[in-house]
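Visitor: I am attaching a structure below and will ask some questions about it afterwards.
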Amino acid sequence: MASEEAETYLRLMAESELRRALTLPKARQQPGMFRAGWIEARAASTSSAFFTRTDRSDPSDGMRRLAVAADALVAAGAIDADVARDIVAFHELALSARDRQTWEYGIAPGRRGSAAPPPGVFRAVGIGERVRFGADGRPAEVLMLALVAAPDRAVLAVITKPPPGMDHDRWINEFMDPVRISDDQGTMYRRAMFSGGGDAGESAGQLEFHPAPGPGVRFVDVAFAPEKPAVRIDLDGVQLPPPPITPVDRPDRLDRYFDALAAKMLGNGALWEMKDILHVLLDAGVIEPASPAMRRLVTVGRRLGVELPRELAEVPETELPERWVSVLDHDGAVDGPEGVALATAVLPEFDGTRLVIGGLRSLADRAELRVYGWGAFDQLDGHRTDATLGKFGWWARDDHGRWHVATVTAGAWDKAHADMSLELTPPLHPDATSLDVIITGKTGQVTVTLPLDWRNP
Amino acid sequence: MSAPWWAALTPVTTTVLCASEHRLRWEDGRLLAVDHPDTEPEIVLAALGGDEPECVRMVRAWARQSDDLAALAIGPRSADDDFDVSPAGLQTARQRRLIIARWRPSSAADRVRERLAELYELFSLGQPFTFRLLATVAANWVDRAQSARPALTAALNARLAPAVSTWLRMDPDGVDASIYEGSGWGELARTGDSLRAALPVRWIAAVWAAGLAVADGKLVVDVVSVTGPTAEVLAVSRPGAQPEPLTLARTYSARGEAGWQARKPRPTSG
């Protein structure tokens, strides 16, 4: 329930941050670190933020603190999202009118999308093939995870390894984007566009191509280099029947938020902004230190060695849900199988969203699930802080009983689409042959069982 | 008994390019198009889609913005604030569009953009008009403060904190201001490094906007009457004390900046 106290708290915080900014020199432009709209989140969870993070004396830092507080209060149900958006945006305008503008693009809370998923056929096909070719005379490779074809777009989920030392932009422009794609009906698809991110050693993302192959297309051929034969992707493969949507008892919003924060901690080990989030919720009177949700969070935090606010030092620990205990029990495990699995699934539409799982890669210390979404997502324009509550909660359990918390670690969002990379922690059991992925939304829950057809190309 | 909220605010005049260079004048709480003695028919005509003289457009914009709390959220906190939306400052319009476009869906963003463009246009009339606009906004919320208490609390805190910092030489973050909704002037209490203050919204309009917040080493809490250049106010010498009457005289610096100075009591003869 939105409260006047929480709104007042956020407005006074904006005021205090403005006063702080006015004691600082006027701002100069701080370049961001965006690549094709894809946001890397992993670094944010451990050492830095999604954005170029400057020292504590930059007006952008106050802006970020305010955005974190706004996100936390909205997610906890203590303040209306539109009110929070206004407060952050007016703060940004107040900074701008005093030449202390922030250059943290996208820090103001994002707009809510309202697009519905398009009607029609959605297909997802696992590929699991690695193509090696020469780029500038040096070895390069592309690992194809899956092809996802929807009525309005088609993407090829890939992990690429550019030649050592090659500039990322050059790699994308000269070797990824010119990929040739054709189908059994003689259609030559338009130039693909890569979006994603990574480092010098590896880029993970997707190649989007147009038009989307229609339901009558049986296969597409993908050729990355003229000297290499095309890889044929059969679109006529058997699709798993869509799993049912089951209703769930929704816990109190504040409990749900705290459990989501705990899940994020379980996934990431620590949240950069956790102390700020808890300070805000305690100071604004949104939660009591001794509440069950806080006790669960504190228990997880202590077991993971996360630094928590001092006022929580006396909060007693409590019993944790089974899945949390399982994740904690395997903290630090590095026994995951290495390879990719032909794990794809088309989920039924729920909560106004259509989700498609487009491949899984398993590593010794974690697994990565590629997910594509259609419809409205709450976070757009790159707005993400640790306090943001995602639209869905993601968990998974392998067939050896090991639970995994899944957190969105990178992605790109627009009004109608979401391209996400989820990290599963801890790694899969070394002998896992199937994985239940459990997605919980506002109106229900979907559990899809992914057979893990391992490929180790 | 208090003076009207605008009593200590002197009339101010500026010019805009209308049919020719025309005067806009603010006095007694209203913006007037001086060179359009009968604006009513022009306003009606403009509302029906007719041509709108610039002076009339500005008067209508003033009326539309006169209860917009965005003015208090963005506008100056004190006379020393680094606030600058002069015509030169309007070059940041592109940046504002970027800010607004990403926090509202496009149709709503268009409306917000229009509203803010108008607000910034009024800000660009200069500091004297900006302070009077903020006073107008605050005055329009005096009787319905409870419906926007968080925004008004922040607006009061924003302006009281720097004043208290000057008055008591304390950290402005130590000021805990709230909207006083009872009868009387309000309350002030100091505890350690913090000051709890409850003042009515009227304080922003009648006291702060007139540059009266701190005078003669005291915090002015209300304006009782204004006669010519002399203002009778209620001022508090220290937290916890009751306000006492104080007579202030308007002064002007060599650069023409208005201020207030305590009028020394005349020695009595005999």
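Visitor: Identify, please: which residue in region A:185-218 is hydroxyl-bearing (Ser, Thr, Tyr) and in a strand (DSSP E or B) and is, among those, least open to solvent (accessible area, probe 1.4 Å)?
Guide: A:Ser203
Visitor: Please verify whether B:Leu234 is assigned to a loop (DSSP other than H, G, I, E, B), of a type outside the set (Gly, Ala, Ser) and either over 18 Å from the mean Cα position of the chain (by Cα) or closer than 24 Å to A:Ala94 by Cα (or both), treating the condition exactly as stated.
Guide: In short, no.
Visitor: Looking at B:Gly50, is it at pLDDT below 90, outside any helix (DSSP H, G or I), over 25 Å from B:Asn140 (Cα atoms) and open to solvent by less than 40 Å² (accessible area, probe 1.4 Å)?
Guide: So B:Gly50 passes the test.
Visitor: Sort out which residues of region A:424-439 are out of contact with any Asp or Glu (no Cβ under 6 Å at 6 or more places or on another chain), open to solvent by less than 30 Å² (accessible area, probe 1.4 Å) and not in a loop (DSSP other than H, G, I, E, B), and write them in order of number.
Guide: A:Leu424, A:Thr425, A:Val437, A:Ile438, A:Ile439
Visitor: Right, A:Arg256: in a helix (DSSP H, G or I), open to solvent by 10 Å² or more (accessible area, probe 1.4 Å) and either basic (Lys, Arg) or on the phi < 0 side of the Ramachandran plot (or both) or not?
Guide: Against the criterion (in a helix (DSSP H, G or I), open to solvent by 10 Å² or more (accessible area, probe 1.4 Å) and either basic (Lys, Arg) or on the phi < 0 side of the Ramachandran plot (or both)), A:Arg256 qualifies.
Visitor: Among the candidates A:Leu369, A:Leu389, A:Leu363, single out the residue that is open to solvent by 30 Å² or more (accessible area, probe 1.4 Å), out of contact with any helix residue (DSSP H, G or I) (no Cβ under 8 Å at 6 or more places or on another chain) and either charged (D, E, K, R) or touching a residue at least 60 places away in the same chain (Cβ under 8 Å) (or both).
Guide: Testing whether each residue is open to solvent by 30 Å² or more (accessible area, probe 1.4 Å), out of contact with any helix residue (DSSP H, G or I) (no Cβ under 8 Å at 6 or more places or on another chain) and either charged (D, E, K, R) or touching a residue at least 60 places away in the same chain (Cβ under 8 Å) (or both) leaves just A:Leu363.
Visitor: A:Ser326 is checked against (1) open to solvent by 10 Å² or more (accessible area, probe 1.4 Å); (2) within 22 Å of the chain's Cα centre (by Cα); (3) in contact (Cβ under 8 Å) with a residue 60 or more places away in the chain and fails just one. What number does that condition carry?
Guide: Among (1) open to solvent by 10 Å² or more (accessible area, probe 1.4 Å); (2) within 22 Å of the chain's Cα centre (by Cα); (3) in contact (Cβ under 8 Å) with a residue 60 or more places away in the chain, the lone unmet condition for A:Ser326 is (2).
Visitor: Mind checking which residues of region B:186-231 are touching a residue at least 60 places away in the same chain (Cβ under 8 Å), in a strand (DSSP E or B) and open to solvent by less than 10 Å² (accessible area, probe 1.4 Å)?
Guide: Within region B:186-231, B:Val223, B:Ala231 meet the criteria.
Visitor: Of the conditions (1) surrounded by 15 or more Cβ atoms within 10 Å (Cβ to Cβ); (2) more than 28 Å from A:Glu17 (Cα to Cα); (3) of a type in the set (A, V, I, L, M, F, W, C), A:Ala290 satisfies every one except a single condition; which number is it?
Guide: It fails just one condition, (1).
The rows are residues; the columns are (1) free of Cβ contacts under 8 Å to residues at least 40 places away in the same chain; (2) in contact with a helix residue (DSSP H, G or I) (Cβ under 8 Å, 6 or more places away or on another chain); (3) in a helix (DSSP H, G or I).
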| position | (1), (2), (3) |
| --- | --- |
| B:Ala138 | no, yes, yes |
| B:Arg144 | yes, no, yes |
| B:Pro150 | yes, yes, yes |
| B:Ala155 | no, yes, yes |
| B:Val164 | no, yes, yes |
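Visitor: Name the residue that is nearest to A:Ala418 (Cα to Cα), counting only residues in region A:154-166 that are assigned to a loop (DSSP other than H, G, I, E, B) and either open to solvent by 10 Å² or more (accessible area, probe 1.4 Å) or out of contact with any strand residue (DSSP E or B) (no Cβ under 8 Å at 6 or more places or on another chain) (or both).
Guide: A:Pro162
Visitor: Within the set of pairs 6 or more residues apart or between chains, which connect a residue that is over 18 Å from A:Ala364 (Cβ atoms) inside region A:395-408 to a residue that is among the β-branched types (Val, Ile, Thr) and open to solvent by 40 Å² or more (accessible area, probe 1.4 Å) with Cβ atoms less than 6 Å apart?
Guide: Final answer for the pair search is A:Asp399/A:Thr433.
Visitor: Among A:Asp221, A:Asp249, which is open to solvent by less than 80 Å² (accessible area, probe 1.4 Å) and either farther than 13 Å from A:Leu156 by Cα or in contact (Cβ under 8 Å) with a residue 40 or more places away in the chain (or both)?
Guide: A:Asp221
Visitor: Hey, another quick one. Restrict the check to region A:94-106 and report whether at least one residue is modelled with pLDDT of 85 or more, within 29 Å of A:Trp454 (Cα to Cα) and outside any loop (DSSP other than H, G, I, E, B).
Guide: The answer is no, given that none of the residues of region A:94-106 is modelled with pLDDT of 85 or more, within 29 Å of A:Trp454 (Cα to Cα) and outside any loop (DSSP other than H, G, I, E, B).
Visitor: Can you report the number of residues in region A:233-246 which are more than 19 Å from A:Pro348 (Cβ to Cβ), modelled with pLDDT of 85 or more and surrounded by fewer than 15 Cβ atoms within 10 Å (Cβ to Cβ)?
Guide: Going through region A:233-246 one residue at a time, the tally reaches 1.
Visitor: Of all the residues that make up region B:147-161, how many are crowded, with 23+ Cβ neighbours inside 10 Å, more than 8 Å from chain A (Cβ to nearest Cβ) and out of contact with any strand residue (DSSP E or B) (no Cβ under 6 Å at 6 or more places or on another chain)?
Guide: Of the residues in region B:147-161, 2 are crowded, with 23+ Cβ neighbours inside 10 Å, more than 8 Å from chain A (Cβ to nearest Cβ) and out of contact with any strand residue (DSSP E or B) (no Cβ under 6 Å at 6 or more places or on another chain).
Visitor: Restricting attention to region B:1-30, report how many residues are touching a residue at least 40 places away in the same chain (Cβ under 8 Å) and assigned to a strand (DSSP E or B).
Guide: 5
The values are calculated or read from the model by the stated rules, or taken from the named source; none is laboratory data. Please read these numbers as outputs of a predicted model, since none were measured by experiment. In this analysis, Cβ positions are derived from the backbone assuming ideal geometry, glycine residues included, and neighbour counts consider all displayed protein chains. For the accessible areas, the whole protein counts, side chains as well, though only heavy atoms, and no ligand, DNA or RNA atoms are used. Shrake-Rupley method; radii C 1.70, N 1.55, O 1.52, S 1.80 Å.
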